[in-house]
Each structure stands twice: as structure tokens, then as C-alpha cells.
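Step one of this worksheet: look at the structure below.
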Amino acid sequence: MTASPPITYLFDPLCGWCYGASPVLDRLAALPGVALELAPTGLFSGPGARPMDAGMAAHAWSNDQRIARLTGQTFSEAYRRQVLGDATRRFDSGPATLALVAVAETAPGQEHAALKAIQQARYVDAADITDVSVLTRLLAALDLPEAAARLAAPDAALLDAMRRRTAGSQALMQAMGAQGVPALVVGRGAHRRLMPASLLFGGADALLASLAAT
């Protein structure tokens, strides 16, 4: 798959299905010659954020169990109790998205690793990734001190970078007719195409075969 077209991954760090797609994404990112670009959409931040009430928690856990059965990804009981069960916190991906933008601005080659660590922290370790202080410590533990410092005291430039990046991702979603995340867009300009989202779940072979045919 050398000289493959660029691949844009549309996602949100609070999307359980995006976490479910991680094994396939990891395999894709590890292939030589693949240019994988992360595109956080901010779908669950700002106007897309919502209270973590009992109804939202039950809906999320039901989806999470489907994702676990399909992909083998772990959604721990601690996550169910401490994250979904905490009605004092909002379902808001803004802080985690800002953390990823801080990584992209200071150590862009580590953004995929940071996303994986943020997802692991939420779904397995039951950390509150809507809390900037939690995310700051996580970035520091990943040996990303510049990103941690930027996140701890975000300036206008970082906030503007987040707005521009999420706006660009949402515009790409609309242009490609993507109904949600996760989604993969292959190519650029007039040669772009949206891959079937089903290819992101289960084994990676079907996705790789489809990409090889492009």
C-alpha cells in the first residue's frame, strides 16, 4: 500500500464507536506509506454537549455493550459506575478535543497515541476526561509537557486552532455526506470518497482490501 492516497479519520474523543474502531485504526496507521490525518469534529462539544443524566447514561451503556460485542474493546464496570454514573459531569468532548489540538500544535506525531490514551483513560480506567486537570496530567504522563502546559492555560491561539480544526472537520463531514463518526475519507479534492463505516469494525482485512482497490 505504498503511495496510498491520504486518509482522513473523522472522530470525536467521547464517541464510543470511535473507541470501538481503534483496533482497525491502529492497524491502518501502522502500515507503511499510509498518511493518516486525524480530524476531530467537536460533535459532542459546545452545542453538542449534554447533561449526563440517567437516560443518557443508560443509552450510552447500551451502545457500549453493542460495541464491545462487535469489536472486543473493553468498557469497564468502573467506567459504568464512575463516569456514566456521575451526574455532576456533562457529556462534553470540548476539553479532550482541546487536549488533542494541543498535542497537534506541539508534537503532531503523537496525536494518535494521545487519542488512544484518552480513550483508555475513559473507558477502561474510568478517568474523567471532561476535566482539564485530568487531561493535563495524562499528557504529562505521556511525556508531552508542552501540550500539557498549553492545555493547562489555553491561549487565544490554541482556542482558535481548535475552532478552525473542528469547523474544517464538520465541513468535510457535510461535503462527504457522513452521517456521524467515526468516518474515513480517502483522497483529496474531487478524488475524495467516503468509506463505509462498517469497515471500521471487526477485522481490518476488508478495509485494507477496499483501500488497496482505490
- Task: Indicate the gyration tensor shape class of segment 128-214 (rounded, prolate or oblate), computed on the Cα atoms with a ≥ b ≥ c the square roots of the eigenvalues: a/c under 1.5 is rounded; otherwise a/b larger than b/c is prolate and the rest oblate.
- Result: prolate
- For Thr88, the accessible surface traced by a 1.4 Å probe with all protein chains present amounts, in square angstrom to the nearest 10, to 120 Å²
- Roughly how many Å is it from the Cα centre of segment 139-214 to that of segment 55-90, as a whole number? 23 Å
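Ranked from highest to lowest mean number of other Cβ atoms within 10 Å per residue, what is the order of the peptides 47-57, 193-203? Can you show the working numbers first?
Values: 47-57: 13.6, 193-203: 16.2.
So the order, starting with the most tightly packed, is 193-203, 47-57.
Give me the Å³ per residue figure for the convex hull around the C-alpha atoms of segment 71-120. Numbers along the way, then the final one.
Values: hull volume 4.4 nm³, N = 50.
Here the figure is 87 Å³ per residue.
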- Message: I'd like the carbon and sulfur percentage of the solvent accessible area for segment 2-127, probe radius 1.4 Å, heavy atoms only, ligands and nucleic acids excluded.
- Response: 53 percent
- Using the Kyte-Doolittle scale, which helices in the chain average at least -0.5 and also have C-alpha atoms spread 15 Å or more along the helix axis, with helices defined as whole DSSP H runs? 54-71, 94-106, 156-176
- Query: How much net charge surrounds Phe75 when only other residues with a Cβ under 14 Å from its Cβ are counted (Lys, Arg +1; Asp, Glu -1)?
  - Reply: +2
- Query: Sorted by mean Cβ packing within 10 Å, highest first, what order do the peptides 94-102, 12-20 take?
  - Reply: 94-102, 12-20
- Note on the structure: With T = 4 °C, eta = 1.567 mPa s and Kirkwood Rh from C-alpha pairs, the Stokes-Einstein D of the chain in µm²/s is about 74 µm²/s
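If we sort 143-151, 69-77 on the protection proxy, mean other Cβ atoms within 10 Å, highest first, what's the order?
Numbers: 143-151: 19.1, 69-77: 14.2.
With the highest mean Cβ count within 10 Å placed first, the list reads 143-151, 69-77.
First select every other residue whose beta carbon is under 12 angstrom from the beta carbon of Met162; then total the charges, Lys and Arg +1, Asp and Glu -1. All intermediate terms of the calculation are to be shown ahead of the outcome.
Values: positive: Arg150, Arg163, Arg164, Arg165; negative: Glu105, Asp155, Asp160.
Its environment carries a net charge of +1.
If eta is 1.306 mPa s and T is 10 °C, what Stokes-Einstein diffusion coefficient results for segment 1-125, Kirkwood Rh from Cα pairs, in µm²/s? Numbers along the way, then the final one.
Values: Rh = 15.4 Å.
For these conditions, the coefficient is 103 µm²/s.
The values are calculated or read from the model by the stated rules, or taken from the named source; none is laboratory data. Computed from a predicted model, the values in this text were never measured in an experiment. Cβ atoms come from the backbone with ideal geometry, glycine included; neighbour counts cover every protein chain shown. For accessibility, only protein heavy atoms count, side chains too; no ligands or nucleic acids. Shrake-Rupley method; radii C 1.70, N 1.55, O 1.52, S 1.80 Å.
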